[in-house]
Amino acid sequence: MAALERLSEYGKAFQLKVLGSLLTDKKFILNVRDTLRVEYFDVDSHRWIVETILAYFDKYHTNITLEVLKVELKKVENEVLKVALKEELRNSYDASKDDLDYVQEEFSTFCKNQELKAALLESADLMKTGEFEVIRSRIEHALRAGLDKNLGHEYNKDIESRYRVDYRPTIPTPWPSINKMIQGGWGPGDLSIVFGNPGGGKSWMMVAVAAHAVKLGFNVNYYTLELGEDYVGKRFDCYFTGHNIDEVNNYRSEVEDVLSNLKGNLIVKEYAPKSASISTIKAHIQKCIDVDLKPDLVIIDYVDYLKSPSRKFAERKDEIDDVFIAAKGLAKEHQIPVLTPSQVNRMGAKDSVIEGDKAAGSYDKMMVADICISLSRQKEDKVLGTGRFHIMKNRYGQDGMTYNVTMDTNNGHIEIADEYDADSMMDNSLLTPTAKQLSRKFFELDS
């Protein structure tokens with residue numbers, strides 16, 4: 001296919017997507033900076049936007065913010081241009097939602113072709129004067145133009161990026177005390193694990209996390225390898241309405257009213273244990289992206305039940321390690337948080353506060369994860385509706401704290417104390433709390 005000679009031949013919609021990419025994607029600006037020329041754009045408003053983007057990038061080494069653009073717009077004296085700029089900026093941001101891989105690749109190729117064409121035209125004049133070294137240097141520079149320039153986080157240049165409020169955009173948990181500990185919530189590329197004993201409420205916690213995210217307007221993919229997807233859907237009905245799992249069938253109209261007001265989208269997908277791998281999850285995520293439903297958060301209940309993506313292992317531990325490393329790779333590749341529950345061993349199920357050495361199957365999953373939390377609930381807790389959250393590992397702050405919990409495993413409502421329990425931190429080797437002790441903590445939380 002012949003290359004197009006002018007950017008205007010691609011059409012306005014294409015150019016708006018290019019502007020949208022330049023406004024929002026630092027890596028894209030970095031890769032096209034040495035080949036991008038303002039004169040490629042024919043419209044005055046587009047040229048102003050590109051000039052402003054490049055001037056900001058050259059100084060701060062990151063993409064411009066909407067707040068800066070608002071300030072720069074106030075400096076424009078031409079009222080007709082100002083109106084056009086506001087409209088085109090709005091259209092550019094709206095356009096930067098789909099087809100971006102194609103648009104960025106095509107625009108990069110266009111810029112490289114223009115650079116090479118200019119180099120060849122200059123070389124024709126240089127040949128007349130015999131400046132062959134200059135010709136060689138000019139052609140080599142043109143051929144290198146547009147190559148991937150992303151070296152990573154350049155410490156000396158990227159101070160603006162790392163001190164922005166949204167340098168790590170997070171999805172908050174339902175619990176302020178936990179958000180405070182992990183710098184706002186689940187972050188892009190994070191793998192987080194919630195450990196607990198069988199029947200302790202881990203899956204209900206996954207429902208609470210997912211439901212809270214959907215209420216805030218995030219898209220969530222919930223993969224279940226233990227419970228049926230229809231039943232998981234019923235659990236969400238319980239969470240949103242507050243009705244218990246054994247009575248929610250009587251409140252369908254109320255469920256429908258609640259769902260009509262949700263800001264985000266929830267997809268629950270069921271796989272049989274050991275029938276799916278991380279590659280299966282990736283393929284499903286791509287389907288969602290194709291229909292403009294890219295997930296902001298992925299929950300896999302459980303990663304332990306996925307099969308290894310590549311090979312057989314003599315040891316079960318090695319297979320578990322491989323699956324969890326693949327789950328971390330999924331989070332990094334798509335830059336979305338991945339959250340999963342995981343079991344503890346029989347010794348951990350007896351502890352009043354579960355520590356990291358009680359992870360079932362492999363301790364190494366703790367090493368792969370960014371955030372690890374345990375949910376400890378013994379038989380007394382299940383009767384009283386109590387438990388303990390323990391921060392086992394935290395890449396984003398302090399760990400080792402234990403928080404008292406009240407939870408209802410009939411509808412998934414969980415409350416976590418605002419302050420950690422200092423007594424439990426003083427001595428985690430205490431004997432199993434009695435029902436009387438647990439009851440006292442429960443009423444202290446409720447007061």
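The values are calculated or read from the model by the stated rules, or taken from the named source; none is laboratory data. From a predicted model like this one, the values you see are computed outputs, not experimental measurements. Because the Cβ atoms are built from the backbone with ideal geometry, glycine has one as well, and the counts that use them run over all protein chains shown. Note: accessible area is taken over every heavy atom of the protein model, side chains too, but ligands, DNA and RNA are not part of it. Shrake-Rupley method; radii C 1.70, N 1.55, O 1.52, S 1.80 Å.
Among (1) in contact with a helix residue (DSSP H, G or I) (Cβ under 7 Å, 6 or more places away or on another chain); (2) closer than 27 Å to His141 by Cβ; (3) outside any helix (DSSP H, G or I), there is one condition Glu5 misses while meeting the rest; what is its number?
Every listed condition holds for Glu5 apart from (1).
Conditions tested, residue by residue: (1) farther than 23 Å from Gly187 by Cβ; (2) at pLDDT 80 or above.
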residue	(1), (2)
Leu85	yes, yes
Leu89	yes, yes
Ser96	no, no
Tyr102	yes, yes
Phe107	yes, yes
Lys117	yes, yes
Lys128	yes, no
Glu140	yes, no
Arg168	no, yes
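Surrounded by 19 or more Cβ atoms within 10 Å (Cβ to Cβ), part of a helix (DSSP H, G or I) and modelled with pLDDT under 95: is that true of Asp381 in this structure?
Details: surrounded by 19 or more Cβ atoms within 10 Å (Cβ to Cβ): yes; part of a helix (DSSP H, G or I): yes; modelled with pLDDT under 95: yes.
When the stated conditions are applied, Asp381 passes them.
Here's a check for you: in segment 104-144, which residue that is among the polar types (S, T, N, Q) and in a helix (DSSP H, G or I) is farthest from Phe28 (Cα to Cα)?
Filtering first and then ranking leaves Ser123.
Of all residues being touching a residue at least 40 places away in the same chain (Cβ under 8 Å) and out of contact with any Pro (no Cβ under 6 Å at 6 or more places or on another chain) in segment 221-231, which is surrounded by the fewest Cβ atoms within 10 Å (Cβ to Cβ)? Just the residue, please.
First, the residues of segment 221-231 that are touching a residue at least 40 places away in the same chain (Cβ under 8 Å): 221-229.
If we keep only those that are out of contact with any Pro (no Cβ under 6 Å at 6 or more places or on another chain) too, we end up with 222-224, 226-229.
Numbers: Tyr222: 27, Tyr223: 26, Thr224: 22, Glu226: 16, Leu227: 15, Gly228: 11, Glu229: 15.
Of everything passing the filter in segment 221-231, Gly228 is surrounded by the fewest Cβ atoms within 10 Å (Cβ to Cβ).
Please indicate, with yes or no, whether at least one residue in segment 294-309 is exposed (fewer than 13 other Cβ atoms within 10 Å of the Cβ) and farther than 21 Å from Ala359 by Cα.
Filtering segment 294-309 for residues exposed (fewer than 13 other Cβ atoms within 10 Å of the Cβ) gives none.
No; the residues of segment 294-309 include none that is exposed (fewer than 13 other Cβ atoms within 10 Å of the Cβ) and farther than 21 Å from Ala359 by Cα.
Kindly provide the set of residues from segment 8-45 that are in contact with a Leu (Cβ under 9 Å, 6 or more places away or on another chain), basic (Lys, Arg) and in a helix (DSSP H, G or I), ordered by number.
Of everything in segment 8-45, just one residue is in contact with a Leu (Cβ under 9 Å, 6 or more places away or on another chain), basic (Lys, Arg) and in a helix (DSSP H, G or I), namely Lys17.
If you go through segment 318-366 one residue at a time, how many are touching a Cys at 6+ places or on another chain (Cβ under 9 Å) and either closer than 19 Å to Asp296 by Cβ or part of a helix (DSSP H, G or I) (or both)?
Qualifying residue count for the region: 3.
Quick test of your reading of the structure: Val214 fulfils all but one of (1) open to solvent by 10 Å² or more (accessible area, probe 1.4 Å); (2) over 23 Å from Ser275 (Cα atoms). Name the failing condition by number.
(1)
Looking at Glu77, is it open to solvent by 80 Å² or more (accessible area, probe 1.4 Å), at negative phi and outside any helix (DSSP H, G or I)?
yes
Return a yes/no flag: does segment 338-345 have any residue that is open to solvent by 60 Å² or more (accessible area, probe 1.4 Å) and farther than 22 Å from Asn219 by Cα.
First pass over segment 338-345, keeping only residues open to solvent by 60 Å² or more (accessible area, probe 1.4 Å): none.
No: zero hits.
Determine which member of the set Leu262, Leu339, Leu266, Leu330 is of a type in the set (A, V, I, L, M, F, W, C) and within 17 Å of Glu229 (Cβ to Cβ).
Numbers: Leu262 fails: within 17 Å of Glu229 (Cβ to Cβ); Leu339 fails: within 17 Å of Glu229 (Cβ to Cβ); Leu330 fails: within 17 Å of Glu229 (Cβ to Cβ).
After ruling out the rest, the residue left standing is Leu266.
Starting from segment 95-123, take each residue that is in contact (Cβ under 8 Å) with a residue 40 or more places away in the chain and more than 30 Å from Leu293 (Cα to Cα) and list its partners that are open to solvent by 30 Å² or more (accessible area, probe 1.4 Å) and among the basic types (Lys, Arg), counting only C-beta distances under 8 angstrom and pairs at least six apart or across chains.
Cys111/Arg37; Gln114/Arg37
In segment 15-31, how many are of a type in the set (Lys, Arg) and surrounded by fewer than 22 Cβ atoms within 10 Å (Cβ to Cβ)? Can you show your working first?
We begin by selecting, within segment 15-31, every residue of a type in the set (Lys, Arg); these are 17, 26-27.
Filter once more, so that each one left must be surrounded by fewer than 22 Cβ atoms within 10 Å (Cβ to Cβ): 26-27.
Selection size over segment 15-31: 2.
Which condition number in (1) open to solvent by 60 Å² or more (accessible area, probe 1.4 Å); (2) at negative phi; (3) touching a helix residue (DSSP H, G or I) at 6+ places or on another chain (Cβ under 8 Å) is the one that Glu247 fails?
Evaluating Glu247 over (1) open to solvent by 60 Å² or more (accessible area, probe 1.4 Å); (2) at negative phi; (3) touching a helix residue (DSSP H, G or I) at 6+ places or on another chain (Cβ under 8 Å) leaves (3) as the failure.
Here is a yes/no grid of residues against (1) in a helix (DSSP H, G or I); (2) open to solvent by 20 Å² or more (accessible area, probe 1.4 Å); (3) free of Cβ contacts under 8 Å to residues at least 60 places away in the same chain:
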site	(1), (2), (3)
Arg47	yes, yes, yes
Ala55	yes, yes, yes
Asn63	no, yes, yes
Leu69	yes, no, yes
Leu81	yes, yes, yes
Lys86	yes, yes, yes
